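Q: Following this message is one structure expressed as structure tokens.
The values are calculated or read from the model by the stated rules, or taken from the named source; none is laboratory data. Nothing here was measured: the structure is a model prediction, and the numbers come from that model. In this analysis, Cβ positions are derived from the backbone assuming ideal geometry, glycine residues included, and neighbour counts consider all displayed protein chains.
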Amino acid sequence: MAKVIQLDNKPWLRANNSRRFLIFLSSVVPLPLVMLGAYSINLDMTMSFLTIFLPLQILTAALVGFQAFGKRGIGDAILVVLTVFFSLFVLILLLSVLGSVLTEGFKTISSQFIIQNNVYVSTTTSLDYGGVGHAILGSLMVVALTTLAAVPLGIAMAIYLTQSQSKIRDLVRTLTQALSGLPSVVSGLFILTIIEATQIGRSGFTGALALFPLMLPTVARVSEEALKLVPVDLRYAALALGAPNYRAFFQVILPAAKSGLITALLLGLARVVGETAPLILTVNANNGTNFNVFEGGLATLPTYIYGYLASGYQTSQARAWGAALILLILVGILFGLARVLGRTKSLKSKAKK
Amino acid sequence: MSAKDSKTEVRRKLVAGPLSKGDQVFFGTTTVAAYFAFVLVALVLGFLLWQSWPVISDQGINFVLGNNWNADVEPAVFQLGPMLWGSLLIAFFGILIATPMAISMAYLIVFMLPKRLATWATTLVDLLAALPSVVIGLWGLIVFTPVAAGWADILNKNVGWIPFFSVEDPENGFMRSPFIAGWIVAVMIVPIITSVTREIFSQLDRDLINGALALGGSRLSTFRRVIFPTSAGGVVGGILLGLGRAVGETVAIFYVLNLDILHINWANLLEPRGGAVASWILAKFGEAGPFEKQGLMAAGLVLFILTLIVNFIANFIVNKSQPWRKN
């Protein structure tokens, strides 16, 4: 008659009721108290949080800590309260950005706003006319053009970084990492110098060129991580069977790293789809729809937002919010896809272990 | 082992044969692609230097030290001092705010939250990193600036005697100051510092931490004596990465900062004037003539060299402090 013995393997998690009550008290009481105080003396919300709530919360937490663990409980309590407080601050900032884009954006957005272009629309035209259709198209075309060049090159770099035994490999890696911090405006200026020097016309193509140095390092770095996850034994096995290196790559490593490489593509896209400064410097604005990437001005979502935000009118700001929402949705989709693919990848690699 | 084995004659030596045609093409392509990183850096440096040389040789060292920018006078003056100092001031202030937030976030994710919540928090922070800077600028201009101006007002009223928070004339309002730009920059670099710090925290030796706790250490003492000393280097690297990003930030700062090229705003955070090189390039580009464009390219060159150096150092430190990533 084997009786299941429940092992109390985490005795430190046991808390007696009076301690629980104290913790509850200390974490719940200060908030309404401060709310009440702030309401009664008309104090600014954030300020009252900073000047009254935080010290009060630290004090009560420290008291409970002292009650429960003695002297050392005080430091712990302060650490925990500060950590939670700062982290909440980050979350509040993030949610404020997301929330304002969502609420303001949905006020603007409509089917006509997504489809129509910006011809005959001024900063004060009512929101019933005009939209960002041309800018969505332009953004997609420019980014697609960049992707065509940056993804193969980035993956090739990643192959070099994972397979080469060369001495300068570390140098290449360092340089790629440093390039990923390239300020976007410098990339735009670089292409601008080329435009000035060669007198090629400003078009969507030059914009794509300006995005290229920004996308390349992201793709290269994430692809390198993806290729590293493929067990090196797989490659050795293929080589031992007599496969040449390129077939070992295309038939063994590439299928194994596929989802990781797609993640690299998506993260690279998310990195450049919102870039503004390089496009302002290298592409002429355009209010109409332009299907030709290689000639004439081209509108893109970020430059559209930039253009409308510069003028202070209510309707133009509303347009900027609407375009920002669409841009955010684009980034969100790319990012979400990358997340999902990345997760299945990590599950697989765990299963292998 | 031993005698018998050593007598066995080697009949055939293992020799790597010459690469096949396909492999030559394969490795050739990847090597060329890798060398493209050098080519790209050289091209950017070369083209910017070539195009901006007339301005740089004309202005000399005053290009980075003087404070004036006027293309209409003869001879034209292009001096970037206030913008350069402004970039650094904003970046340092942003880092000052962002670092505690980022380290707290990383600590919360790695050591305090249950696994499921931690995954969510990580995703949220990564999402913050993916927000386009123009969207942050939009939010910063319309939503955040009024709020932060309120904070600045309170700071100025209560602790205005501290030099950092004093202003010449409070009637000017507190909009478009380095204070607000610093906050915007902080929002953009928190995710960078957080992800580097989180990576380092999560790779710390758990036995070390459990050992410290088992010896009777508290959360605080474990953090101070175990976690902090072992991860400090990497965190500094992450902060430097954030610095690189902060210095190069363009559009978001452009909206929330009043650019003043004539005077250096040394450290009056609340004064509604300041500078940022990248935003200055954007602001002046629209109506710039050919010669002024060359001046802007020179500004871009300075920015590029600055960020390249910062990023090199940052990556060096981060890589050094993450030996488990090497292979």
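Q: Mind counting the residues in the stretch A:196-233 that are among the β-branched types (Val, Ile, Thr), buried (at least 18 other Cβ atoms within 10 Å of the Cβ) and within 19 Å of A:LEU298 (Cα to Cα)?
A: Residues meeting the conditions: 1.
Q: Where in the stretch B:160-240 are there helices (runs of 4 or more DSSP H), lying wholly inside it, with at least 1 residues that are within 28 Å of the chain's Cα centre (by Cα) and crowded, with 23+ Cβ neighbours inside 10 Å?
A: Filter on the stretch B:160-240 gives B:178-202.
Q: Then there's this: Please name all residue pairs, on different chains or six or more residues apart, with Cβ atoms under 9 Å, provided the first residue is in the stretch A:239-260 and is outside the structural domain of A:LEU341 (by TED's automatic domain parsing) and the second residue is modelled with pLDDT under 90 and buried (at least 18 other Cβ atoms within 10 Å of the Cβ).
A: From residues that are outside the structural domain of A:LEU341 (by TED's automatic domain parsing), there are no pairs.
Q: Another one. Applying the selection to the stretch A:264-288, what residues are surrounded by fewer than 24 Cβ atoms within 10 Å (Cβ to Cβ), polar (S, T, N, Q) and in contact with a Gly (Cβ under 7 Å, 6 or more places away or on another chain)?
A: Scanning the stretch A:264-288 gives A:ASN284, A:ASN286.
Q: Could you check, for the stretch A:234-244, whether at least one of its residues is under 21 Å from B:ALA37 (Cβ atoms) and either aromatic (Phe, Trp, Tyr) or surrounded by fewer than 23 Cβ atoms within 10 Å (Cβ to Cβ) (or both)?
A: Checking the stretch A:234-244: not a single residue is under 21 Å from B:ALA37 (Cβ atoms) and either aromatic (Phe, Trp, Tyr) or surrounded by fewer than 23 Cβ atoms within 10 Å (Cβ to Cβ) (or both).
Q: Do you know which residues across the stretch B:110-147 are within 8 Å of another protein chain (Cβ to nearest Cβ) and either in a loop (DSSP other than H, G, I, E, B) or in contact (Cβ under 8 Å) with a residue 24 or more places away in the chain (or both)?
A: Across the stretch B:110-147, the qualifying residues are B:VAL125, B:ASP126, B:LEU128, B:LEU131, B:PRO132, B:SER133, B:VAL134, B:ILE136, B:GLY137, B:LEU138, B:LEU141, B:PHE144.
Q: Provide a single number: the residues in the stretch A:241-261 that are modelled with pLDDT under 90, within 12 Å of chain B (Cβ to nearest Cβ) and assigned to a helix (DSSP H, G or I).
A: 1
Q: Within the stretch A:126-160, how many residues are in a loop (DSSP other than H, G, I, E, B) and within 24 Å of A:PRO255 (Cβ to Cβ)?
A: 0
Q: Sticking with this structure for a sec: What number of residues within the stretch A:184-211 are touching a residue at least 12 places away in the same chain (Cβ under 8 Å) and either part of a loop (DSSP other than H, G, I, E, B) or basic (Lys, Arg) (or both)?
A: 3
Q: I'd like the full set of residues that are surrounded by fewer than 23 Cβ atoms within 10 Å (Cβ to Cβ) and either more than 10 Å from chain A (Cβ to nearest Cβ) or modelled with pLDDT under 85 (or both), limited to the stretch B:283-301.
A: Those that are surrounded by fewer than 23 Cβ atoms within 10 Å (Cβ to Cβ) and either more than 10 Å from chain A (Cβ to nearest Cβ) or modelled with pLDDT under 85 (or both): B:ALA283, B:LYS284, B:GLY286, B:GLU287, B:ALA288, B:GLY289, B:PHE291, B:GLU292.
Q: Return the residues of the stretch B:307-324 that are more than 9 Å from every other protein chain (Cβ to nearest Cβ), assigned to a helix (DSSP H, G or I) and in contact with a helix residue (DSSP H, G or I) (Cβ under 7 Å, 6 or more places away or on another chain); say none if nothing qualifies.
A: Scanning the stretch B:307-324 gives B:ILE313, B:ILE317, B:LYS320.
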